[in-house]
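Shown next, in structure tokens, is the structure this report addresses.
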Amino acid sequence: MRTYLVTGGAGFIGSNYIHYMFKKYDNEIRIINVDVLTYAGNLENLKDVENRDNYTFIRADICDRDAINKIFEENDIDRVVHFAAESHVDRSIVNPEVFVQTNVLGTATMLNAAKKAWELPDGTFKEGKKFLHVSTDEVYGSLDDDPNAFFYETTPYSPHSPYSASKASSDMLVKAYMDTYKFPANITNCSNNYGPYQFPEKLIPLIINNALASKDLPVYGDGKNVRDWLYVEDHAKAIDMVQEKGRLFETYNVGGHNEKQNIEIVKTIIDILREELDDSDPRKEHLTYDLIKYVADRKGHDRRYAIAPDKIKAEIGWEPETMFKEGIRKTIHWYFENEAWMKNVTSGDYEKYYEKMYSNK
Ligand SMILES: NC(=O)c1ccc[n+]([C@@H]2O[C@H](COP(=O)([O-])OP(=O)(O)OC[C@H]3O[C@@H](n4cnc5c(N)ncnc54)[C@H](O)[C@@H]3O)[C@@H](O)[C@H]2O)c1
């Protein structure tokens, strides 16, 4: 049975990936989820898998060399899928240091631990071992409004925010390990994800949550910054396909072919919520475009990101499957059906879940 070490599995994309993998492979794989549970880690995201015999949660910091080495010593890890990171650009502007700590030094710790566990005396690596570093399109910088300009794997790195600079540094470290040691790894650079279990500091769940509470819907600057949105399950599938079918040492861009201005996203959410709410629902009356409030722009706000996912399509056959219209509806339904999840997150109660479920373990 193949054993996966997933870092940051209690976060948004990590938890969706774990669900995807158990849905696809069921009992053919074992997953060890290593997460320190920052504010962004929520074990409630994994309620439905936590009692599986082939799932283990370990609370550990990826910067803690001893703890990470111990996990490799005690388990024969075949695959590492490295999500753990500080992930919110706004937070990186306020407090860059923790981004360097987790994203750069934490990645170095993960690489060293995997190298130590997998390297043979002759400097080659044990057969079949693979490390996948999950990264972002933000490392490439910003595009202007030319609709024919895209990020390719060959686009030079030009990060602007402390977040993207820390992710770019971590990518460079992975590249250095591949070049120097022939360390068996891949990097994926993905565009903005949306879907279930996303922490409501990010645009889409923030807007859904505020709209349902009749609160202002803050939009940065002129609202015309463009992001390329991908449904999170499509990202999970891409990661799995890259690890199984991709060429080692390669980078693959993952994107949705789905560029949208922020303001379009906000208006689409309002439109769908209005369709979904009953006329008798008191929330409907307040749910109009009047809730939109333009606020001072984010410092150094990148204008446009757009990925060309041509390489992953040509080499691996991956393409985004969930069209935005369908994905955004699915997402809104999920947040409707999981109001308790959202309440626990916004009230902070989710942080008690670990104590409740894991205090005796
Ligand atoms: N969200 C996006 O749109 C997007 C797009 C492309 C790439 N990415 C990348 O995907 C990865 C996951 O993003 P996300 O949106 O799920 O992030 P997230 O913030 O929702 O989750 C991050 C997880 O990492 C954990 N973590 C943080 N610091 C840790 C540490 N020191 N040790 C162990 N665990 C730690 C957190 O507890 C949390 O569970 C990140 O590497 C991010 O850069 C995200």
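Some points to look at:
- Tabulated pairs, region 21-42, first farther than 22 Å from Glu86 by Cα, second at pLDDT below 95 and within 9 Å of the ligand (Cβ to nearest atom), C-beta under 7 angstrom, 6+ apart or interchain: none
- Residues satisfying the stated conditions in region 221-260, i.e. over 29 Å from Asp281 (Cα atoms), assigned to a strand (DSSP E or B) and not aliphatic (A, V, I, L, M): Arg227, Asp228, Trp229, Thr251, Tyr252, Asn253, Glu259, Lys260
- The residues in region 59-95 that are out of contact with any Lys or Arg (no Cβ under 8 Å at 6 or more places or on another chain), surrounded by 17 or more Cβ atoms within 10 Å (Cβ to Cβ) and closer than 17 Å to Thr3 by Cα can be counted, and the count is 5.
- Selection within region 35-76 - in contact with a strand residue (DSSP E or B) (Cβ under 7 Å, 6 or more places away or on another chain) and aromatic (Phe, Trp, Tyr): Tyr55, Phe57
- Among the numbered conditions (1) basic (Lys, Arg); (2) under 14 Å from Asn192 (Cβ atoms); (3) touching a helix residue (DSSP H, G or I) at 6+ places or on another chain (Cβ under 6 Å), the only one that Arg227 does not meet is (3).
- Restricting Lys311, Lys267, Lys293, Lys325 to residues that are loosely packed, with under 14 Cβ neighbours inside 10 Å and within 29 Å of Ser161 (Cβ to Cβ) narrows the list to Lys293.
- Take the conditions (1) in a loop (DSSP other than H, G, I, E, B); (2) in contact (Cβ under 8 Å) with a residue 12 or more places away in the chain; Ala108 misses just one of them, which is (1).
- Number of residues in region 56-80 that are in contact (Cβ under 8 Å) with a residue 40 or more places away in the chain and within 10 Å of the ligand (Cβ to nearest atom): the value is 6.
- Look at (1) outside any loop (DSSP other than H, G, I, E, B); (2) within 26 Å of Pro96 (Cβ to Cβ); (3) in contact with a helix residue (DSSP H, G or I) (Cβ under 7 Å, 6 or more places away or on another chain); (4) within 15 Å of the ligand (Cβ to nearest atom) and you find that Phe199 fails only one, number (1).
- Residues within region 22-53 that are away from the ligand (no atom under 15 Å from the Cβ) and either crowded, with 17+ Cβ neighbours inside 10 Å or within 15 Å of the chain's Cα centre (by Cα) (or both), tallied: 3
The values are calculated or read from the model by the stated rules, or taken from the named source; none is laboratory data. The structure displayed is predicted, hence computed values, not measured ones. Every residue, glycine among them, receives a Cβ derived from its backbone with ideal geometry; neighbour counts consider all protein chains shown.
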